[in-house]
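Each remark here refers to the structure printed beneath this line.
The values are calculated or read from the model by the stated rules, or taken from the named source; none is laboratory data. Owing to the predicted nature of the structure, the values given are computational and were not obtained by experimental measurement. Glycine also receives a Cβ, built like all others from the backbone with ideal geometry; neighbour counts cover every protein chain displayed.
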Amino acid sequence: MSRIDDTWADKPGLVGWLSTVDHKRIGIRFVVTTLAFFVFAGLLAAVMRVQLARPDNHVVGPDTYNQLFSVHGSMMMFLFAVPVMEAIALYLVPLMVGTRNVAFPRLNAYSYWLLLFGGLMLIFVFVIDSAPDAGWFNYVPLSGPEFGPGKRSDFWAQLITFTEVSGLIGAVNIITTVFKLRAPGMTLARLPLFVWAMLATAFMILFAMPSVMLASTFLITDRLVTTQFFNPAEGGDVLLWQHLFWFFGHPEVYFIFVPALGVISQILPTFARRRIVGYVAMVVALVTIAFLSFGLWVHHMFATGLPPLGMSFFTAASIMIALPTGLQIFCWIATLATGEKVRFAAPFLFIIGFFFIFIIGGLTGVMLGSSTLDSQLHDSYFVVAHLHYVLIGGAVFPLFGGFYYWFPKVTGRRLSERAGRWNFWLFFIGFNVAFFPMHILGLEGMPRRIYTYPAAAGWSGLNLLSTIGAFTVALSVLVFFVNVWRSRRAGELAPDNVWGASGLEWAAPSPPPPYNFERIPAVRSRDPLWEPGFPAAEVVGLPDIVRSTLVTRLHDAEPDHIAILPDASIWPFLAALATTIMFIWSVFTPWGLTWGAIPLTITLIGWFWPKKDETRRTCAVEVKPDAGDARVHQLREALP
Amino acid sequence: MSSRCPELVVLALSLLALGGCEREQRRFSEPGGSTVTVTTPLSDIRAGGVAVATPVKAPYDDNAYAISEGQRLFQWFNCAGCHATGGGGAIGPALTDDVWIYGKAPDQIFSTIVQGRPNGMPAFGARIPNQQVWQLVSYVRSLSGELPKTVSPSRADAMYFGKPPAEREPVTQPVQP
Amino acid sequence: MNTNALLSGGPLSAEIGQLFWIFVGIAAAVYVVVLAFLVVSLRRREGARAAPPDSPAARHAVRAIGIAVGLTTVILVVLALSDFFANRVIAATPENPLRVRVTAHQWWWEIEYVDADPTRRVRTANELHLPVGRPVQLEMTADDVIHSFWAPELNGKKDLLPGYTTRLTLVAARAGDYTAECAEFCGFQHANMRVAIVAHDPQDFARWYDAQLTPAAEPVSPELQRGRDVLLGSTCVMCHNITGTDASGVTGPDLTHLASRRWIAAGALPNDAARLAAWISDPQGIKPGTHMPATRLDADDLAVLTHYLTSLR
Amino acid sequence: MSARAVIDVSKLPTYAYSHRSLMWWGTLGMIAIEGTVFAIALVVYYYLRGLSLDWPIGSPPPDLLWGTVMTALLLVSGIPNQFAKKAGEAEDLRRVRIWVFVSIVFGIAALVVRIFEYPALNTHWQRNAYGSIVYALLTLHTVHLLTDFVDTVVLEILMLTGPLNGRRFVDVSENADYWWFVVLAWLPIYFTIYLVPRIFP
């Protein structure tokens, strides 16, 4: 074990496992946990489909059904879709920008533990029949103090607090990593498109999530300490909740979709064996989506009778956001058209699946964007079909493509292609059989979230068909997990750059060592590994008795100084535990916040307090800014 | 970890589960709540050494949903007309303080509602089914803090009469029976 | 139960239906074209070299993207404008409408026809009768949580919000039966909260309106008399109102003309004696979570009560 | 390894101040998040105000005294805060200990003044939406006062006792930046809670 391996290695055993700050170990854990939530929520959907398969069914009563769809929605949105995209980013972004870890490794660990405990809380309250039952957006007054008795909506509000704190910290981590820890020469104009997508998503998260945190805090104070935010009789307003929620709600669906655009922009050029067409246009499209997403939220409230002129503005904005997405699709098609013959490996199959499914979702989205049409389609099964087309088609398909694409990098072994094709075709056919009929059901007047329907309604046939489709999707997800389980050990060994891709992550070995790159490569273009003579230069001289990496300047990615990253530490896990206790305690008594804050403060101080050994090693290699600055200027002149 | 430990953990979890589970149950159909006999003692004064009857446990004292139904029925059946919204007391006596003219045990409140009381309390026996009377009993007990905070309902989406402590009017003298 | 948004029973839903087919037509065309380009671009010759950025093929591709983006913008503007014009038709305030106040409760609809003369105000529940051809403006609010009134064959949906009064216009072009549903999740029985909408030609409507104004018929036979006594002695009076009797509860649906309605329990059951008896004795079995309590009556009291209720034409 | 060009970074500084340091960007991220929370809370205040007929609902506007004292105190506290920042960046440990201590004293003073501010609001969070949002705004700011006060105390103890290296001075500088945010975030809240009900009744 050379000194660098020794410095970056984690302690063995359970304590080592709990205190790792390696962004890859945490990233894998993050992805596995979010996929576990995906399966759990998927099983809830299966039960819902069984209940809806036949009219006047009695598989589950209304109370259980309400908990089923509320937990299905909340878990899929807050515990799977958004976090899984952050999870693959926290794994890939450091590798893609050419650095050794995220900017705040311990915050990264803390954010994972928080999400895990939030998810476990939701599963536990579901098991004890105390799960939220007012839908994933938990409209007031149904979730309010009078019509939401017991602790159900409080657990929903606390789930929001868990996942939003975790998401916000992940966003700050990604922004700082992308801005400050890029490899020398990787200017913003040479950033991989997935990293651009994650940067846009992180900024959206930064400014959207506070809105729902405030809304859930006001809801919990309304329910527990009798504030009057949403009480129409005392100056409050029921629409305030919808404004606050959807101001976050619409950017949220773009937290899920924009990273998927990034995934496609990484996979597609590799299979076309050609650089992306219109790189700048793609970046502009991503940033435009990020801005526009904040101006659309009222299209979720078209039916509340707001003034028509306002609604026309939001109709126009909602319809116009189809433009940047359309531009992305055109650029991808142009890349394929000017590339080489494409090999239909599993990752690319899922990308093709994305095109066929997502574009239907996008077009129905434009229909829902029109306030007049929305008055017929809103809160009907047409919307259920649309949201699944854009979420599963737009995000889960590229995500599965990403799993097949990066699995060799993460484990050093390939997923089986045959199982991959079974997985894809079962998913593609099952999905369309399950969700396309819902468009028709919506037009036939089937409202959303009904636990049963009379035979006279005429919806029985399509609902049965939809249930069959849903079980086909379940089968395909099972095939995927069997594939992953078998390939983890017995999968075909994969070379470092199995697809011949151009990203920096393929320059690191598979699976990459804890420090990713012993010598960080310099970058000269947008597709480093396709540059002749890569790497033109390599960084040497990073001290290896501390966990060090290179900080580069924001605007020109020139070396600036050496960052000494913190060692592994158990404190983030303990701080997450203390936060969990405080959050859950505050559901039962507001004093839980004050008393719960004490252990939390102690763990945070433990986390911050420098350790003697770590400080000693840092002092040994310390170079003060002024002494080092002369060296920086000299170095910059010498660069080729 | 000793082999017995998993069982203990599962036992603890299920106990915790039962605790949480009970409060959150939505029991729609009527429980087997016992109908209270006429011989419910109204006060603690006993003739001779007669043994006290075993206290009847209200079926809904630990069920948040039933108590919130009680809150709704308190408004619907116009109990608030005499006892004021939130039970603060108007023509009828206040239900939020610790003064109970006809006893505060669940079965005593049940019989007060069913049989009615002098000075204006009507008999609701034939008018309100037993399940709803038990819901009202539990709600009335939650008004005076007999039940834990986690079960008692919070504010209603209406004018808020539970003014903060600093602003509550002084409790009126209890009506002499 | 006709709730098909595309089989319009009135001009307003027809307008939306037209707009729908415009959107679907354009969307289908765009879908086919885009995917055709995709399929074509996938079928590259074996061994085709990747076109370098400055090659004619690459420049051609960039120009094609420009055209595609331009086309997309034009299409989106056309769609936005078509929505704007359709919306102006829908949002136009109707002249001299029949005003109906609708109040949504947890899991039933309270309907009151607003008339200048307070004595001529019909109060009914879960059923809305419209004169054909004349616009009806619903002035809607909710008493507890948010609901949404949606009659797909007559117009789009509009939410009913506590603390707000929202308006929705319905116009029936042809006589017939339509159905409205609650479209905003509102709790346990959100699935069984329907309104039977009946469009009459104006004379029929006037006849129905006058019939609804009359108080409940006096019992003509001793059996009906006993039925009414059972009702007045039971739990029904706490919530229900029957004009012309002592039952004057306001928190439940008005039963004065119960027998004239198509459904009972807000569309959960067709209206006949057997189902009425089943509903009275065990409502939780039919609509779990509903606020109607089970009424314990012995067999003949229930039969007599049901007989009386079915006499309330 | 082939004789590729080599970028030898061994002599580069191991920490840096202001926007060069990672911690600065982390603090900026937190400020963006907290700033958005404050901004949205203020928007809720104006939204509810727009809905109600009379504002403040059923109570007089808050008394000006303690709010204005707090504003003045926070602005003045910027001075020792700035000195602490400069001392930190000059890595002068003695002056850092002094000025961070003075900042702590100002922190205590601010917390004490805040205790007097709550009763001067003339409303209660349970009474109506106005009371709720005013208490929410004040409590949001109080939470930030408290957390940054605790941070500063922990920093002072570290400066007095803890294992120190050059990079700890960056923390002093970042903590000062965060205190500036807490001060500047108070100004729109002060204007909204205390002045808006008076200027635009």
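Taking A:P132 as the residue in question, decide whether it is farther than 27 Å from D:A32 by Cα, assigned to a loop (DSSP other than H, G, I, E, B), more than 9 Å from every other protein chain (Cβ to nearest Cβ) and not aliphatic (A, V, I, L, M). For A:P132, the condition - farther than 27 Å from D:A32 by Cα, assigned to a loop (DSSP other than H, G, I, E, B), more than 9 Å from every other protein chain (Cβ to nearest Cβ) and not aliphatic (A, V, I, L, M) - is met. Does the stretch C:44-51 contain any residue that is at the interface with chain A (Cβ under 7 Å from one of its Cβ atoms), touching a Gly at 6+ places or on another chain (Cβ under 6 Å) and at pLDDT below 95? Looking for residues that are at the interface with chain A (Cβ under 7 Å from one of its Cβ atoms), touching a Gly at 6+ places or on another chain (Cβ under 6 Å) and at pLDDT below 95, one finds at least one in the stretch C:44-51, hence yes.
What number of residues within the stretch C:159-213 satisfy the criterion of being in a loop (DSSP other than H, G, I, E, B), more than 12 Å from every other protein chain (Cβ to nearest Cβ) and charged (D, E, K, R)? Of the residues in the stretch C:159-213, 2 are in a loop (DSSP other than H, G, I, E, B), more than 12 Å from every other protein chain (Cβ to nearest Cβ) and charged (D, E, K, R). For the stretch C:127-158, the candidate set comprises residues that are assigned to a loop (DSSP other than H, G, I, E, B) and surrounded by fewer than 24 Cβ atoms within 10 Å (Cβ to Cβ); within that set, the residue that is nearest to the other protein chains (Cβ to nearest Cβ) is C:D144. Checking the stretch C:274-283 against the condition returns no match, with no residue being under 24 Å from C:M1 (Cβ atoms), within 13 Å of another protein chain (Cβ to nearest Cβ) and among the aromatic types (F, W, Y). In the set A:W17, A:W8, only one residue is over 30 Å from A:S153 (Cα atoms), of a type in the set (F, W, Y) and surrounded by fewer than 18 Cβ atoms within 10 Å (Cβ to Cβ); that residue is A:W17.
Taken across the stretch A:293-301, residues that are more than 10 Å from chain C (Cβ to nearest Cβ) and assigned to a loop (DSSP other than H, G, I, E, B) do occur, with at least one present.
For (1) out of contact with any Phe, Trp or Tyr (no Cβ under 7 Å at 6 or more places or on another chain); (2) buried (at least 16 other Cβ atoms within 10 Å of the Cβ), each residue gets a yes or a no:
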residue	(1), (2)
C:H240	yes, yes
C:G244	yes, no
C:S248	yes, no
C:T256	yes, yes
C:R262	yes, no
C:A266	no, yes
C:N271	no, yes
C:W279	yes, yes
C:G289	no, yes
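The set of residues in the stretch A:137-172 being in contact with a His (Cβ under 9 Å, 6 or more places away or on another chain) and either among the charged types (D, E, K, R) or at pLDDT 95 or above (or both) is empty.
This table checks each residue for (1) at pLDDT below 85; (2) assigned to a loop (DSSP other than H, G, I, E, B); (3) of a type in the set (F, W, Y); (4) under 24 Å from B:Q131 (Cβ atoms).
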| residue | (1), (2), (3), (4) |
| --- | --- |
| B:D44 | yes, yes, no, no |
| B:A47 | yes, yes, no, no |
| B:A51 | yes, yes, no, no |
| B:T54 | yes, yes, no, yes |
| B:K57 | yes, yes, no, yes |
| B:D61 | no, yes, no, yes |
| B:A66 | no, no, no, yes |
| B:G70 | no, no, no, yes |
| B:L73 | no, no, no, yes |
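Number of residues in the stretch D:1-43 that are more than 17 Å from the chain's Cα centre (by Cα) and more than 7 Å from chain A (Cβ to nearest Cβ): the value is 7. Six or more apart or on different chains, Cβ under 7 Å: which pairs go from a residue in the stretch C:86-115 that's of a type in the set (S, T, N, Q) to one that's in a loop (DSSP other than H, G, I, E, B)? Could you list them? From the stretch C:86-115, the pairs are C:T103/C:D143; C:Q106/C:D144; C:Q106/C:V145; C:Q106/C:C186; C:Q106/C:G187; C:Q106/C:H291. Quick check: anything in the stretch A:32-39 polar (S, T, N, Q), in a helix (DSSP H, G or I) and touching a Pro at 6+ places or on another chain (Cβ under 9 Å)? Checked against the condition, which is being polar (S, T, N, Q), in a helix (DSSP H, G or I) and touching a Pro at 6+ places or on another chain (Cβ under 9 Å), the stretch A:32-39 yields at least one hit.
Close contacts from the stretch B:64-81, counting a first residue that is facing another protein chain (nearest Cβ under 8 Å) and a second that is acidic (D, E), with Cβ to Cβ under 8 Å and a gap of 6+ residues or different chains, come to B:A64/B:E24; B:Y65/B:E24; B:S68/A:E146; B:Q71/A:E146.
Could you list, in sequence order, the residues of the stretch A:188-246 that are surrounded by 23 or more Cβ atoms within 10 Å (Cβ to Cβ), within 11 Å of another protein chain (Cβ to nearest Cβ) and outside any helix (DSSP H, G or I)? The answer is A:T227, A:Q228, A:F229, A:F230, A:N231, A:G235, A:G236, A:D237. Quick test for you: out of A:L327, A:L349, A:L336, pick the one residue that is crowded, with 19+ Cβ neighbours inside 10 Å, at the interface with another protein chain (Cβ under 9 Å from one of its Cβ atoms) and at pLDDT 95 or above. Answer to the selection: A:L327.
Of the residues making up the stretch D:146-160, those that are under 12 Å from the mean Cα position of the chain (by Cα) and either crowded, with 19+ Cβ neighbours inside 10 Å or in contact (Cβ under 8 Å) with a residue 40 or more places away in the chain (or both) are D:D148, D:F149, D:D151, D:T152. Among the candidates C:A50, C:A58, single out the residue that is closer than 18 Å to A:C331 by Cα, part of a loop (DSSP other than H, G, I, E, B) and among the small types (G, A, S). Result: C:A50 is the single residue among C:A50, C:A58 that is closer than 18 Å to A:C331 by Cα, part of a loop (DSSP other than H, G, I, E, B) and among the small types (G, A, S). Summed over the stretch C:56-81, the residues that are facing chain A (nearest Cβ under 8 Å) and over 30 Å from A:V277 (Cβ atoms) give a count of 0.
For the stretch B:92-127, a residue qualifies if it is of a type outside the set (F, W, Y) and either assigned to a helix (DSSP H, G or I) or touching a Leu at 6+ places or on another chain (Cβ under 8 Å) (or both), and the qualifying residues are B:L95, B:T96, B:G103, B:P106, B:D107, B:Q108, B:I109, B:S111, B:T112, B:I113, B:V114, B:Q115. Here A:L574 does not qualify as surrounded by fewer than 24 Cβ atoms within 10 Å (Cβ to Cβ), over 25 Å from the mean Cα position of the chain (by Cα), part of a helix (DSSP H, G or I) and free of Cβ contacts under 8 Å to residues at least 60 places away in the same chain.
Considering each residue of the stretch A:106-125 in turn, at least one proves to be without any contact (Cβ under 8 Å) to a residue 24 or more places away in the chain, closer than 29 Å to A:V410 by Cα, in a helix (DSSP H, G or I) and of a type outside the set (G, A, S).
Residues in the stretch B:128-150 that are outside any helix (DSSP H, G or I) and facing chain C (nearest Cβ under 10 Å): B:I128, B:P129. Only one residue in D:G166, D:G131, D:G107 is under 19 Å from the mean Cα position of the chain (by Cα) and among the small types (G, A, S). Which one? Matching residue, one of D:G166, D:G131, D:G107: D:G107. Quick one: is D:A109 touching a residue at least 24 places away in the same chain (Cβ under 8 Å), in contact with a Leu (Cβ under 8 Å, 6 or more places away or on another chain) and surrounded by fewer than 22 Cβ atoms within 10 Å (Cβ to Cβ)? When the stated conditions are applied, D:A109 passes them.
Kindly list the number of the only condition in (1) at pLDDT 95 or above; (2) more than 10 Å from every other protein chain (Cβ to nearest Cβ); (3) over 27 Å from the mean Cα position of the chain (by Cα) that fails for A:D556. Failing condition for A:D556: (1).
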